[in-house]
1. Restricting to the range 198-224, name every residue that is touching a residue at least 60 places away in the same chain (Cβ under 8 Å), surrounded by fewer than 16 Cβ atoms within 10 Å (Cβ to Cβ) and either within 19 Å of residue 260 (Cβ to Cβ) or under 14 Å from the mean Cα position of the chain (by Cα) (or both).
2. Take the range 287-310 and flag every residue that is touching a strand residue (DSSP E or B) at 6+ places or on another chain (Cβ under 7 Å) and modelled with pLDDT under 50.
3. If residue 91 satisfies all but one of (1) surrounded by 14 or more Cβ atoms within 10 Å (Cβ to Cβ); (2) touching a residue at least 24 places away in the same chain (Cβ under 8 Å), what's the number of the condition it fails?
4. Would you tally the residues in the range 174-198 being assigned to a loop (DSSP other than H, G, I, E, B) and in contact with a strand residue (DSSP E or B) (Cβ under 6 Å, 6 or more places away or on another chain)?
5. Would it be correct to say that residue 144 is surrounded by fewer than 17 Cβ atoms within 10 Å (Cβ to Cβ), over 16 Å from residue 221 (Cα atoms) and either modelled with pLDDT of 90 or more or touching a strand residue (DSSP E or B) at 6+ places or on another chain (Cβ under 7 Å) (or both)?
6. Can you tell me which residue within the range 232-251, out of those that are without any contact (Cβ under 8 Å) to a residue 40 or more places away in the chain and buried (at least 20 other Cβ atoms within 10 Å of the Cβ), is nearest to residue 145 (Cα to Cα)?
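The values are calculated or read from the model by the stated rules, or taken from the named source; none is laboratory data. What you see is a predicted model, and the numbers here were worked out from it, not measured in a lab. We place every Cβ from the backbone using ideal geometry, glycine too, and count neighbours over all the protein chains shown.
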């Protein structure tokens, strides 16, 4: 008999409402089960819940599998529910709606439910629908942990910060980002790069061997970066952000499951001005992949335009020309901070007072330098 994985539960998250906890609505748990066939005795955890049950209360499990996915599942692939010392197996070859997995028949008491997925899959298609939910009626929900559902609560120590913005950009591979506005004008570099397999968008090397550090670069500064790590086993997985001058803008650590072969994703965010590069450092001897790379570009620099500049100066004897000095600074509308190394184009018309005709000149430079324009 497979054994369930005990994980400390956190407060209930948005995956639980109206007497039902959604445990998964994607293929990611199945892909996780492919990672280490030698861990077949370990269940892929789908989630935990602690319920305050009264005599006569029933808890049911519903599993939905699309026909294209069901056709490739082994006949003994199952969802395992452990509760109150009892174990119930629910087959996945067909939809299982409202299967009773526990019925309370003693005095009111809290009962912990641990739900997992067996590891008998040899391949998982890239498409198809899979969802599992636990329903408990009007029974009070004391705790819940649903790591596979976006936005759900996770164990303590794995806090998540979300960056929300209409200008949030997304990248799943090296190349132009996707998203609204100027996102497609931003190029994202990922090196080394390999497509995520068996899960995630990308990883350092093909296969599931020990991972190497990955450097992600942005062609324009960003003010927020969010990333999800897949299958972090050990402590030490980290993300560090750098500014253009090489200074560290921020660093975060990803929580590990502590059990090889168990994929419990963790998402973290760094928010700071002027980030142009992040380095993803894996824990020693760990295999990890990454998904959900999103970032918020720094707000467009304030426009600078000089409509007219006039110099009414008499050149000293022998100088032969007048002089006009201009100082230009570019700042972020979002942070008010100075943004170095921005290209500024200045058009300047100089009118010679006596000759009555004009010369024009145009030049571009970084505000951090000292340009010289000669009309």
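1. 209, 210, 212
2. Taking the range 287-310 and keeping what is touching a strand residue (DSSP E or B) at 6+ places or on another chain (Cβ under 7 Å), we get 288-299, 301-302, 304, 306, 309.
Correct list: 301, 302, 304, 306, 309.
3. Condition not satisfied by residue 91: (2).
4. Residues flagged as assigned to a loop (DSSP other than H, G, I, E, B) and in contact with a strand residue (DSSP E or B) (Cβ under 6 Å, 6 or more places away or on another chain) within the range 174-198 amount to 6.
5. no
6. For the range 232-251, the residue satisfying everything is 241.
Rundown of residues vs (1) modelled with pLDDT under 95; (2) in a loop (DSSP other than H, G, I, E, B); (3) within 23 Å of residue 123 (Cβ to Cβ), yes/no style:
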| residue | (1), (2), (3) |
| --- | --- |
| 200 | yes, yes, yes |
| 206 | yes, yes, yes |
| 216 | no, no, no |
| 232 | yes, yes, no |
| 246 | yes, yes, no |
| 262 | yes, yes, yes |
